[in-house]
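Right, one structure below, let's go through it.
The values are calculated or read from the model by the stated rules, or taken from the named source; none is laboratory data. Quick caveat: nothing in here was measured; it's all calculated off a predicted structure. Because the Cβ atoms are built from the backbone with ideal geometry, glycine has one as well, and the counts that use them run over all protein chains shown. All accessible areas refer to the heavy atoms of the entire protein, side chains included, with ligands and DNA or RNA removed. Shrake-Rupley method; radii C 1.70, N 1.55, O 1.52, S 1.80 Å.
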Amino acid sequence: MKIIDQSLLQLLETWRNELVQANTDQQLEALRITYLGRNGRINELMAQLKTMPLEEKRAFGPQIQELQQIITQELQALQQTFITQAFNQELNKQKDFDVTAHVPSALDKPSGSLHPYTHLIERIEDIFTSMGFAYAKGPEVETEWYNFEALNIPADHPARDMQDTFWLTTPGLLLRTHTSSVQIHTMKNQQPPLAVFTPGRVFRHEATDATHDFMFMQCEGLLIDKNISLTHLCSLLKVFMRGLFEKNDLSIRLRPSYFPFVEPGLEVDISCIFCKTGCALCKKTQWIEMGGSGLVHPATLKACGIDPAVYSGCAWGIGIERLAMLLYGINDIRLFHSGKIEFLKQF
Ligand code: DAH
């Protein structure tokens, strides 16, 4: 069926004139509403049909439908053209995009960098995971039991004093004073054999100076299996320290000490990484203190439901800032969470 009605042909012409002038999606949408919308031209014509005699209806009705189809098709064709044009424009823009171009303003904008903690934890993680250790995490808010009791630290131990520990207002809750509490979570939740390392924040209620802070980081290590001895502890620490400082001739020294959750308890020293004969950093001793260690106390194993007659273990705790200060030549522990951009920019 062809459109022969003059008024419809006129409308089609007007539509086409208006269509060629539409340049944007918005203009096209406005045209669609004018012609095909609920109160648009086509619906107006349809409404007129109702009042027409049957003969006229038969002749006029199909022509309106045809007009509606033509308008719809032409509208869709132009919509498609617009989409293709926009797509090609975008493609062209990308063609002109030079990834190697120098952007002067980018130099003025501050760029991010990794915190020395992140650098160091990644290095520690590399070394321990290469030895089959798993990364373990524990909560920073602890109960007295996990932080002290299970670690064989008795109620009258000075570490439980108000002077040393941040106690929360809820009785029995505190900010962990060491990552040794993660040893307890690990032993309670998993069956031996166990090999974990746990870097994390710890909190001490004490005055700050260049080498002490109220918040710092430790990395705990724990190995539980049958027949674990000081030999394991010594060689694990040696592999770790040699890997971290990238020094194959670095030596480990273990000195008797006391930590309630290990027996024997041992202080860990490394041979000075700066000298062979004594310098200011090792205070002329040729050794640098790194942390505590020992063989897990039977009372600690028992508290976690592990039979000390079957299993034994070794553990150690090292201060992460101390490592970072030596590795990166940082002279004040308080810089780590000072938020100073000048400090952070160096990493
Ligand atoms: N938790 C101790 C501290 O913060 C360090 C420590 C000593 C951890 C001996 C250990 C250990 O695992 O065996 O001073």
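The charge dipole of the chain, taken about the Cα centre with unit charges on the Cβ atoms of Lys, Arg (+1) and Asp, Glu (-1), comes to about 460 debye, rounded to the nearest 20. When the solvent-accessible area of the range 65-106 is split by element, carbon and sulfur atoms take up 54 percent of it, the probe being 1.4 Å. Counting every pair of alpha carbons in the chain, the share spaced more than 34 Å apart comes to 52 percent.
With the convex hull constructed from alpha-carbon coordinates only, the range 211-326 shows a mean projected area of 7.9 nm² over all directions.
Distance between the C-alpha centres of the range 225-240 and the range 53-107: 72 Å, rounded to the whole angstrom. Take the chain with all the other protein chains still there, run a 1.4 Å probe, and you get 57 Å² of accessible area per residue. Answer rounded, prolate or oblate for the range 270-341, using the Cα gyration tensor with square roots of eigenvalues a ≥ b ≥ c: rounded when a/c is under 1.5, else prolate when a/b is larger than b/c, else oblate. Oblate. Rounded if a/c is under 1.5, else prolate if a/b beats b/c, else oblate: with a ≥ b ≥ c from the C-alpha gyration tensor eigenvalues square-rooted, which is the range 35-79? Verdict is oblate for the range 35-79. Of all lysines in the structure, those lying under 29 Å Cα to Cα from LYS226, and not within fewer than 8 positions of it along the same chain, are LYS137, LYS188, LYS238, LYS302. How much net charge surrounds LEU12 when only the other residues with a Cβ under 13 Å from the Cβ of LEU12 are counted, with Lys and Arg +1 and Asp and Glu -1? Summing Lys and Arg as +1 and Asp and Glu as -1 gives -2. Percent of C-alpha pairs per 10 Å bin in the range 6-95, short distances first: 15, 41, 24, 13, 5, 2, 0.
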